[in-house]
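Here is the structure we will look at.
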């Protein structure tokens, strides 16, 4: 049996709201959540990457898989990028040392998904993530979410797709079975849809864990740093 | 003591109806809502997601408890995915945020009754 996961809850400075969000997620039946810190890299120069709040300050006592890697990302368990151009998407799928590739759902897709990078990502165990909260917020966004998710699912045949919320409001969270039903609208089979909220999340965690164990040293640090600067609007 | 005897029943034909037990969570807890308003809300959600033709399948609101905002819906099995997804994507009720929590889905109405967790002892 695999547990349900939602690997994209947006981080807010309001600590109480974050706690209600976590409680709602737990109430809906999620056993694992990831809190997402969004960081937009500038096209020139460097911006400091935000430091995550230690989990011990958010909730008391929580077992967690720790990831030790490059200097900036050392504190994070998972690393995701949201590519905005086709070149970046290709690079993210084929070379970047990331765990999740986030798909744009709030605007028209800036490029087409090509078979080669999508297959490359599947072979490397990198997951694609679709967030559904925008679809609840607004009907235009809903159209974009459906279109973009459908074209992604068509390319990767429903495999390697994660469905997560991407919200900071408890009322925009939905239960795991609701989401797997929703994923059927994207063209995924019911088995793939259930994997999208459960076992694919587990694979991502294991992938992140393996990467951090296998490349615990300077080579990985160097590689990750180049990845960060090469993605002008990554993560 | 005699061991309990179990009988296994296998139903091979697909069920005609599916029953859903849902509850509506609203941003302002004190908001009151009637059964008609709830049905209208669901129908509006269906229409905004699937359009006139896609929303034209029958479903019924069997019961509605106004104090807990819990309802039981009956829908033909064919329409389940459509109804459920439109409930999932419903986010607003009269300019306030709302969310449908699907508590239970079953082809048998009997299994939605008699939840031992809902029992109130006198």
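Rule-based calculations on the coordinates, nothing more; no lab input. Predicted, not measured: the structure shown is a model, and the values here were computed from it. Every residue, glycine as well, gets a Cβ built from its backbone with ideal geometry; the counts of neighbours run over all protein chains shown.
Given springs between every Cα pair under 10 Å in a Gaussian network model of chain B, which of B:31, B:68, B:88 has the largest fluctuation? Answer for the Gaussian network model of chain B: B:31.
Scattering from the protein assembly as shown was approximated by placing one identical point on each alpha carbon and applying the Debye formula without solvent; log10 I(q)/I(0) at 0.13 1/Å stands at -1.07.
Using a cutoff of 8 angstrom between alpha carbon atoms and counting only pairs six or more residues apart, the relative contact order for the stretch A:115-210 works out to 31 percent.
Sort B:120, A:210, A:147 so the one with the fewest other Cβ atoms within 10 Å of its own Cβ comes first.
Ascending Cβ contact count within 10 Å gives the list B:120, A:210, A:147.
Between residue A:37 and residue B:117, the simple label model (points 7 Å from Cα in the Cβ direction) yields a spacing of 3.5 nm.
Ratio of the stretch A:92-177's C-alpha Rg to 2.2 N^0.38 Å, to two decimals? Walk me through the numbers before you get to the answer.
Details: Rg = 13.2 Å, N = 86, 2.2 N^0.38 = 12.0 Å.
So the Cα radius of gyration is 1.10 times the expected 2.2 N^0.38 Å.
Given a Förster distance of 45 angstrom, what is the FRET efficiency for residue B:29 paired with residue B:106, based on the Cβ-Cβ distance and rounded to 0.05? The formula returns an efficiency of 0.95 here.
Remark: spin-label model distance residue A:26-residue B:4 equals 3.2 nm, labels positioned 7 Å along the Cα→Cβ axis. Normalised radius of gyration (Cα atoms, divided by 2.2 N^0.38 Å) for the stretch B:35-122: 1.16. Each of B:20, A:188 was scored by other Cβ atoms within 10 Å of its Cβ. Arranged with the fewest first, they read B:20, A:188.
Say R0 is 22 Å: what FRET efficiency, to the nearest 0.05, do residue A:107 and residue A:12 get from their beta-carbon distance? Write out the running numbers ahead of the final one.
Details: r = 23 Å, r/R0 = 1.03.
With R0 = 22 Å, the Cβ-Cβ based efficiency is 0.45.
Per-residue ellipticity at 222 nm, computed for the protein assembly as shown from helices alone with -39500 (n - 2.57) per DSSP H run of at least four residues, works out to -11500 deg cm²/dmol.
Remark: mean inter-chain Cβ contacts per residue of A:154-160 equal 0, using a 10 Å Cβ-Cβ cutoff to other protein chain atoms.
Taking the number of other C-beta atoms within 10 Å as the exposure measure, put B:28, A:90 in order starting with the fewest. Working shown, then result.
On the way: B:28 10, A:90 19.
If I rank by nearby Cβ atoms, fewest first, I get B:28, A:90.
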